[in-house]
Amino acid sequence: MKRIGVFVCHCGINIAETVDVKRVAEEAMQMEGVTYAQDYIYMCSEPGQALVREKIKEENLDAIIIAACSPTLHESTFRAAAEEAGLNPWQCEIANIREQCSWVHTDREKATRKAINIVGTIVQKTRLNESLEPIPVSITKKALVIGGGIAGIQAALDIADSGYKVILVEKESSIGGHMAQLSETFPTLDCSQCILTPKMVAAGKHPNIELLTYSEIEEVSGYVGNFNVRIRRKAPFVDWSKCNGCGLCMEKCPAKVSSVFDRELTTHGAIYVPFPQAVPNKPVIVKDSCIYFKTGKCRLCEKVCEIGAINFEQEDQFIEEEVGAIITATGFETLPVADLAEYGAGDVPDVIDGLAFERLLSASGPTVGEVRRPSDGMVPKEIVFVQCAGSRDPERYKPYCSKICCMYTTKHALLYKHRVHDGQSYIFYIDIRTGGKGYEEFYHNAEEEEGIIYLRGKVAKIFRDGDKTVVWGTDTLTGRNIEIAADLVVLATAVIPKDSTAELVKKLRIHTGPNGFLSEAHPKLRPVESINSGFFIAGAAQGPRDIPETVAQASAAACKVISLFSRDHLEQDPAIAWVDEDLCGGCRICISVCPYDAREYDEEKGIVIVNEALCEGCGSCVAACACGATQQRNLSDSQIKSMVTASLRGE
Amino acid sequence: MIDLTKTNTGLWREITDNCGDIRKCFNCNTCVAGCPAAEGDPPLFIRNLVRKVLLGLEDELLEDETPWLCVTCSACEEMCPMGVHPFEVCLDIRRWQSKNDETYIPAATAEIFETGHTQAVGQVQEKRKAVGLEAVPPTIIKFPELLKIFQEMLRNTDIVRENDYMFRS
Ligand SMILES: Cc1cc2nc3c(=O)[nH]c(=O)nc-3n(C[C@H](O)[C@H](O)[C@H](O)COP(=O)(O)OP(=O)(O)OC[C@H]3O[C@@H](n4cnc5c(N)ncnc54)[C@H](O)[C@@H]3O)c2cc1C
Ligand code: SF4
Ligand code: SF4
Ligand code: SF4
Ligand code: SF4
């Protein structure tokens with residue numbers, strides 16, 4: 001018979017206040033198989049662990065139970081301690097008497113009885129636990145980064161610099177993301193393009209980075225260390241290997257497409273490069289807008305292209321790749337102005353959003369950096385900025401704070417003043433949130449030096465009156481309603497996840513939160529990992545964030561990938577499902593219930609087998625299997641039965 | 001409704017002589033929280049005055065008598081985190097009001113003439129006694145001969161001379 005030791009933790013007063021820990025230890029001593037029991041104030045402390053190690057040896061224990069907090073917190077701590085003292089780690093079990101007992105009860109007597117019961121149940125499991133060995137899994141040391149904004153670029157560069165191969169997949173024809181659209185960046189006002197383009201060029205040239213732009217993920221299968229990815233390279237109808245970027249085709253193209261990059265303030269041809277510093281600097285033809293594709297006539301671009309790079313016959317290509325880790329960095333977009341009915345629903349021409357204003361401020365933008373309003377090109381003299389447009393409005397739009405708009409609005413007002421010296425700007429805000437390094441100072445400087453008028457209150461209505469755009473708001477600080485007949489209104493629209501992210505996460509089988517942003521494994525302690533192993537997240541795809549935070553997070557995600565790749569192989573938890581070949585009748589019910597695609601039908605043997613690397617040990621198949629062929633290691637039917645019996649006997 | 005394109009948003013330049021840079025005010029309201037006159041009737045809300053200056057609400061500010069309620073205790077001066085010097089804002093507004101409108105005679109000037117105070121100290125004598133203070137504060141009001149001299153001095157100022165119907169003690 002196994003000699004089991006039980007260690008009951010006080011967790012300071014977290015457990016001991018509600019549960020009589022001494023009595024739990026005394027009662028445990030009476031249980032079958034238990035040869036030693038002891039309580040201690042902090043089991044996880046070094047002396048607590050030393051006690052465990054010492055007693056394993058002294059008392060000749062074959063297995064131990066730590067009655068303490070949730071196994072997600074300290075299971076690995078105590079398994080390591082057990083291993084150090086010569087036990088197989090799977091001979092260490094945790095009885096959760098904190099989250100599942102002391103924290104949720106107030107009646108000390110009942111809570112103590114329940115804690116004894118929990119320990120009794122785990123004793124039954126432990127008696128039948130087998131010693132297990134972790135399952136080694138190989139790793140393909142190549143990463144996939146999805147999204148080529150600053151997050152994806154930074155992560156790809158960090159991984160590539162440490163010697164591993166990276167595939168960087170970007171949906172658009174050029175990498176750069178939103179940062180390429182920005183003028184100058186808060187809080188230091190460095191030119192966005194100037195700090196971004198060196199990184200874009202580095203990513204384009206890096207020997208370890210394979211850049212796949214104008215590409216999307218079709219399918220992902222496999223598991224951590226061994227993913228199979230199918231990537232669609234959309235046909236640009238231009239042979240990029242021939243194209244030298246001369247731009248003749250774009251000059252001649254008669255079609256007109258409004259520029260997404262310039263927030264529809266300008267147009268370009270059906271064949272275009274989104275911006276001059278694009279990487280790669282190769283054009284694509286927008287099929288839906290191309291006159292030839294629509295009517296069968298034109299092909300002007302083909303005529304002018306001397307090297308014959310235009311190819312209307314090109315088709316989408318599919319690439320299969322094996323990678324070991326995947327970083328999702330698909331970024332954000334902003335709530336369309338059209339969604340904001342009270343702000344003109346996109347029908348008032350001089351109501352634009354922050355990104356459009358960035359383009360007006362940008363030296364490479366449609367007005368070469370001069371602030372001119374869209375309706376008639378006039379330089380606005382009175383300009384109103386409206387913060388929280390669609391953010392912090394749980395009733396109608398988004399409940400969360402978009403985090404970056406307080407800062408960029410102040411930046412906008414400041415840059416406006418640098419361009420239009422006699423202009424007056426007003427900012428309507430609910431709160432000013434300037435939580436970053438140097439941000440509060442940036443805001444105060446703008447308020448003092450640039451004469452911006454901050455009005456605390458939200459705007460209720462924006463409408464057109466002649467060539468003016470009238471804003472009705474309030475100044476809660478005087479309690480007075482305010483009217484401003486402005487020349488231009490800029491809305492700081494809510495940051496929302498990129499629309500294509502919803503479809504992508506389904507393919508990746510990772511998760512998003514209620515607002516559609518990517519979910520992290522733990523908001524504090526595992527902020528760049530997805531709950532599914534091998535998936536990492538970075539940048540604004542996880543939630544609104546500015547460039548410094550995005551870059552820090554991208555480097556953190558890269559670091560996680562590098563640490564994964566630095567191992568020879570991965571170790572998979574062996575406490576997973578297995579199939580008794582003699583019992584399995586091949587009904588395949590289990591395949592349909594497995595949420596991790598871990599079960600496959602073996603044609604030859606006529607039975608189902610488990611892909612050990614994919615199995616997460618959820619137990620769905622065990623419950624579904626009618627003939628008892630599928631069992632879970634260390635949670636066998638007989639273990640579960642005796643646990644249930646023990647738990648019922650206790651009541 | 002205030003039409004901000006029509007107000008004088010440069011007003012702060014005209015008014016603020018001795019105080020700090022009032023554009024720094026971030027409306028924390030500490031100045032009001034520590035101000036004894038904020039408990040008065042009507043109350044003095046110094047932060048609101050700062051706001052009126054910043055938004056350029058000239059007409060309202062000219063009519064506003066609350067700057068005269070400041071008891072010059074300087075509590076706000078000590079506490080303002082942004083160096084606005086709210087107390088000086090009060091005095092700056094008083095000066096600007098008087099300079100801008102010759103006919104403007106705040107009620108407080110009559111009180112000054114009579115008692116040497118902007119506040120009606122006569123009314124608080126009972127309260128002072130109740131908390132163990134002497135009924136009349138130990139300022140000029142306590143010394144009738146000095147108060148007389150003070151009033152003679154005031155008679156030489158334009159405001160008292162030209163409006164003497166208001167200043168008959
Ligand atoms: C108006 C405005 C002004 C700003 N000003 C500043 C500032 O001054 N300072 C500052 O620090 N921050 C500023 N920001 C914030 C800054 O833009 C973001 O922090 C930054 O762009 C986030 O980078 P990202 O790579 O996470 O996302 P993005 O820039 O959105 O990049 C994501 C990339 O992924 C690609 N992608 C999306 N979906 C897929 C898919 N399914 N497959 C493949 N590729 C995909 C996109 O095409 C894009 O290239 C501003 C933001 C706005 C809106
Ligand atoms: S064929 Fe299409 S892309 Fe080429 S010039 Fe004509 S419209 Fe433009
Ligand atoms: S960052 Fe500022 S403007 Fe943006 S939603 Fe939050 S509070 Fe509103
Ligand atoms: S335990 Fe869960 S993950 Fe593992 S094979 Fe069974 S159903 Fe799939
Ligand atoms: S204490 Fe200073 S910063 Fe705060 S409201 Fe008063 S004047 Fe403004």
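The values are calculated or read from the model by the stated rules, or taken from the named source; none is laboratory data. What you see is a predicted model; the values in this text were computed from it and never measured. Neighbour counts run over all protein chains shown; Cβ positions are idealised from the backbone, glycine included. All accessible areas refer to the heavy atoms of the entire protein, side chains included, with ligands and DNA or RNA removed. Shrake-Rupley method; radii C 1.70, N 1.55, O 1.52, S 1.80 Å.
Structure above, values below:
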read-out: Sole exception among (1) more than 14 Å from chain B (Cβ to nearest Cβ); (2) outside any loop (DSSP other than H, G, I, E, B); (3) among the charged types (D, E, K, R) for A:ASP499, by number; value: (2)
read-out: Subset of the stretch A:296-314 [over 16 Å from A:VAL286 (Cβ atoms) and of a type outside the set (Val, Ile, Thr)]; value: A:GLY296, A:LYS297, A:LYS303, A:CYS305, A:GLU306, A:GLY308, A:ALA309, A:GLU313
read-out: In the stretch B:78-100, residue nearest to ligand 4 (Cβ to nearest atom) [restricted to those that are open to solvent by less than 50 Å² (accessible area, probe 1.4 Å) and outside any helix (DSSP H, G or I)]; value: B:MET82
read-out: From the options B:ALA75, B:ALA37, residue that is more than 14 Å from every other protein chain (Cβ to nearest Cβ), within 17 Å of the chain's Cα centre (by Cα) and open to solvent by less than 20 Å² (accessible area, probe 1.4 Å); value: B:ALA37
read-out: Selection from the stretch A:57-91 of residues that are outside any helix (DSSP H, G or I) and either surrounded by fewer than 24 Cβ atoms within 10 Å (Cβ to Cβ) or out of contact with any Asp or Glu (no Cβ under 8 Å at 6 or more places or on another chain) (or both); value: A:GLU59, A:ASN60, A:LEU61, A:ASP62, A:ALA67, A:ALA68, A:CYS69, A:SER70, A:ALA85, A:GLY86, A:LEU87, A:ASN88
read-out: Candidate set: the stretch A:246-293, residues that are near ligand 2 (Cβ under 9 Å from one of its atoms) and touching a residue at least 60 places away in the same chain (Cβ under 8 Å); chosen: the one nearest to the other protein chains (Cβ to nearest Cβ); value: A:PRO283
read-out: Checking A:GLU441 against (1) within 14 Å of another protein chain (Cβ to nearest Cβ); (2) assigned to a helix (DSSP H, G or I); (3) within 16 Å of ligand 3 (Cβ to nearest atom), the condition it does not meet; value: (3)
read-out: Filter result for the condition that a residue is among the aliphatic types (A, V, I, L, M), touching a Ser or Thr at 6+ places or on another chain (Cβ under 8 Å), farther than 20 Å from A:VAL284 by Cβ and open to solvent by 50 Å² or more (accessible area, probe 1.4 Å), over A:ILE150, A:ILE195; value: A:ILE195
read-out: Conditions (1) within 21 Å of A:ALA492 (Cβ to Cβ); (2) out of contact with any strand residue (DSSP E or B) (no Cβ under 6 Å at 6 or more places or on another chain): number failed by A:GLU315; value: (1)
read-out: Looking only at the stretch A:452-471, and only at residues there that are closer than 19 Å to A:ASP350 by Cα and of a type outside the set (D, E, K, R), the one that is surrounded by the fewest Cβ atoms within 10 Å (Cβ to Cβ); value: A:GLY466
read-out: Any hit, the stretch A:364-382, residues being within 14 Å of chain B (Cβ to nearest Cβ), more than 16 Å from ligand 2 (Cβ to nearest atom) and buried (at least 18 other Cβ atoms within 10 Å of the Cβ); value: yes
read-out: Yes/no for A:THR18 being of a type outside the set (Phe, Trp, Tyr) and either open to solvent by 20 Å² or more (accessible area, probe 1.4 Å) or in contact with an Asp or Glu (Cβ under 7 Å, 6 or more places away or on another chain) (or both); value: no
read-out: Test: residue in the stretch B:45-60 that is open to solvent by 40 Å² or more (accessible area, probe 1.4 Å), within 14 Å of chain A (Cβ to nearest Cβ) and of a type in the set (A, V, I, L, M, F, W, C); value: yes
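Each row is one residue, and each column tells you yes or no for (1) in contact (Cβ under 8 Å) with a residue 40 or more places away in the chain; (2) out of contact with any Leu (no Cβ under 6 Å at 6 or more places or on another chain).
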{"position": "A:GLU315", "(1), (2)": "yes, yes"}
{"position": "A:LEU335", "(1), (2)": "yes, yes"}
{"position": "A:ASP339", "(1), (2)": "yes, yes"}
{"position": "A:GLY346", "(1), (2)": "no, yes"}
{"position": "A:SER362", "(1), (2)": "yes, yes"}
{"position": "A:VAL379", "(1), (2)": "yes, yes"}
{"position": "A:ILE383", "(1), (2)": "yes, no"}
